[in-house]
Amino acid sequence: MLNSADNTLLTRIGPGTPMGTMLREYWVPACRSAKLEADGAPEKVRLFGENFVAFRATDGRVGFLQEACPHRCASLRLARNEGNGLRCIFHGWKFSVDGECVDAPTEPRSQRERFAQSVPVRSHPTHEAGGLVWVYMGAQETPPPFPDFEFTQLPDTHVFPLRGIIKTNWLQGLEALLDSAHVTFLHATNLDSAVGRSLFLEESDMMLGDGAPVFEFDEKPYGFTEGAIRTELGDQDYARVREVVLPFFSFIPAAPTGARIVCCSIPIDDETTAQWYISYDADAPVDGSNLTLMGNWSGDPDHFNSDMGDESNLWHQDREAMKAGHWSGIVNRGNPYEDFAVQESMGTIVDRSREYLGTCDRVIYRARRMLLDAVRSYEATSTVPFTGPQAKLRTIRALSFAYPKTENWRDVRQALLTGHENA
C-alpha cells in the first residue's frame with residue numbers, strides 16, 4: 001500500500017506538480033497522424049491537464065499550439081487552417097507551425113509586424129513516427145532524442161495505433177498493463193474462446209492453468225524486464241516476459257516473430273487517461289487483426305472504447321451470461337474493455353492506502369517504488385530518469401514461450417532473441 005502523500009506524488013500530473021513536470025520531459029503520443037489533414041480541421045488534444053490543438057499545415061508539417069488564442073482566448077479549434085498557419089476566426093490573428101504570431105490584422109499597418117512578433121504563443125515540438133504524432137512538452141530548449149523503439153522505425157503500413165480513453169488516473173492505467181496475474185481470471189473467457197485459442201494456441205491453457213505466477217525481475221536502464229513464470233503445468237514451465245519502459249510503456253509478451261503489441265498510459269488530466277494499443281510487425285503490414293481479443297470495439301480508432309458504458313450501467317455487465325459461464329460478464333468485448341471496467345470501478349484516483357497487496361502484486365509495488373524514486377531524484381538533480389545512452393530501446397521484444405523445467409527462462413529468452421536477430 002501507499003501512504004496518501006506518496007499516492008498524491010505519483011498521481012497528480014497537472015502543471016507545476018513534481019510528477020507532471022517530470023513526465024513532460026518525455027516524448028509522448030498526442031494523436032494519430034492520419035487524423036490530421038493538410039489545411040484540415042485542427043484536432044483538440046488534452047494532455048497533462050492542459051488543452052492544445054494539433055494541425056497539419058499546407059506543407060505537411062505538424063503544429064502543436066495552445067488551444068486558446070493568445071488574443072482573447074477563443075478556441076483555435078475553430079481556426080482557419082491555410083497558408084501554413086492557423087488563423088483565428090475571431091480577429092484574424094495567424095499563428096505558424098513554429099508557434100509564432102505571423103499576422104495581427106487588427107493592428108495598424110505601421111506596427112502590425114512588430115506587434116505580431118511580440119505576441120506570446122505557446123507551442124511544442126512534434127515528431128511523427130509509428131503512425132502517431134508525438135509531442136515534447138518539457139522545459140529543455142533542445143528536445144531530448146526521440147525514443148527509437150522498433151515500431152517508431154517502421155513505415156506507417158506496419159503500425160496500427162488505437163486509442164482508448166478511460167476515466168482513471170494514468171497510474172491505474174499503467175498498472176493494468178503490468179499485471180500478469182489477472183490474465184488467468186479477468187480474461188479467462190476470452191482466452192478460452194475460439195478467437196483466444198486461435199491466437200494463443202496451447203498458451204491459452206498455460207495461462208489458464210496457473211493463476212499464481214512466480215515473478216522475477218531484471219533491472220534495465222529504461223525500467224525493467226518482468227518474467228511471470230507459471231510452474232504448475234506439468235513437465236514444462238511457461239514464461240511471459242514483459243518489457244517495461246518507464247514511465248509509460250508496457251511491451252506485451254508475444255511470439256519472437258510476427259505482429260506484436262505495445263501499450264502506453266498517457267495522462268490526459270489527473271482523472272482521465274489515454275490508453276494506446278499499438279500493433280506492429282517488423283516484417284509485414286498490419287491491419288490490427290491481431291487485436292481481435294479487443295472484441296467488438298466501437299470502430300473509432302481515436303476512442304475505440306466509446307461504447308463501453310460506465311458505472312451507471314456497470315459497463316454493460318451481463319449477469320445472466322455470468323451464470324452461464326462467462327467469467328466477467330462483459331460479453332462480446334475484448335481484454336481492454338474488461339481491464340478498463342475494473343480500473344474505472346476503483347474510482348478516478350484509487351486510495352492505495354486501503355489496498356492489501358500479495359505476492360501477485362510484486363510488479364505493481366516495484367513499478368511504484370521506481371517511479372517514486374525517479375520523481376524524487378528528478379526533483380533533486382533535474383536528470384531525466386530511464387533515459388541516456390544505455391537505455392537501448394530499438395531491440396526490445398517482449399516474449400512468451402514454454403520451455404523445459406530443466407532450463408532457465410532467461411537462457412531460453414536470449415536464444416529466441418538471438419535467433420530473431422540472426423534471421
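The values are calculated or read from the model by the stated rules, or taken from the named source; none is laboratory data. Remember, it's a predicted structure, so these values are computed and weren't measured experimentally. When we count neighbours, we look across all protein chains shown, and the Cβ atoms used for this are built from the backbone with ideal geometry, even at glycine.
Need pairs with beta-carbon distance below 8 Å; first residue under 24 Å from Ala282 (Cβ atoms) and within segment 398-414, second of a type in the set (Ser, Thr, Tyr); sequence gap 6+ or separate chains.
Hits for this filter: Ser400/Tyr238; Phe401/Tyr238; Ala402/Tyr238; Tyr403/Tyr238; Trp409/Tyr403; Val412/Tyr403.
For segment 308-387, give me every one of the helices (runs of 4 or more DSSP H) that falls completely inside it and has 3 or more residues that are assigned by TED's automatic domain parsing to the domain that holds Ser204 and in contact with a Ser or Thr (Cβ under 9 Å, 6 or more places away or on another chain).
335-345, 362-381
Run Ala188 past the list (1) buried (at least 20 other Cβ atoms within 10 Å of the Cβ); (2) modelled with pLDDT of 95 or more; (3) touching a Phe, Trp or Tyr at 6+ places or on another chain (Cβ under 9 Å) and report the number of the one that doesn't hold.
(2)
Condition first: in a helix (DSSP H, G or I) and surrounded by fewer than 11 Cβ atoms within 10 Å (Cβ to Cβ). Can you find one or more residues in segment 402-414 that meet it?
Yes, the conditions are met somewhere in segment 402-414.
Residue-wise test of (1) among the hydrophobic types (A, V, I, L, M, F, W, C); (2) touching a strand residue (DSSP E or B) at 6+ places or on another chain (Cβ under 7 Å); (3) at pLDDT below 95; (4) not assigned by TED's automatic domain parsing to the domain that holds Phe48.
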residue	(1), (2), (3), (4)
Arg230	no, yes, yes, yes
Trp276	yes, yes, no, yes
Ser279	no, yes, yes, yes
Val286	yes, yes, yes, yes
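Out of Leu178, Leu162, report the one residue that is farther than 20 Å from Pro256 by Cα and within 23 Å of the chain's Cα centre (by Cα).
One residue alone meets the criteria, Leu162.
Across segment 4-23, what is the total count of residues that are among the charged types (D, E, K, R) and either under 13 Å from Phe64 (Cβ atoms) or in a helix (DSSP H, G or I) (or both)?
Total satisfying the criteria: 1.
Of the residues Arg362, Arg368, only one is closer than 19 Å to Asn169 by Cα, of a type outside the set (Ser, Thr, Tyr) and either buried (at least 17 other Cβ atoms within 10 Å of the Cβ) or at pLDDT below 95 (or both); which?
Arg368
Among all residue pairs at least 6 apart or on different chains, which show Cβ distances below 9 Å where the first residue, located in segment 79-101, is farther than 24 Å from His127 by Cβ and the second is of a type in the set (Phe, Trp, Tyr)?
Final answer for the pair search is Arg87/Trp93; Arg87/Phe95; Cys88/Phe95.
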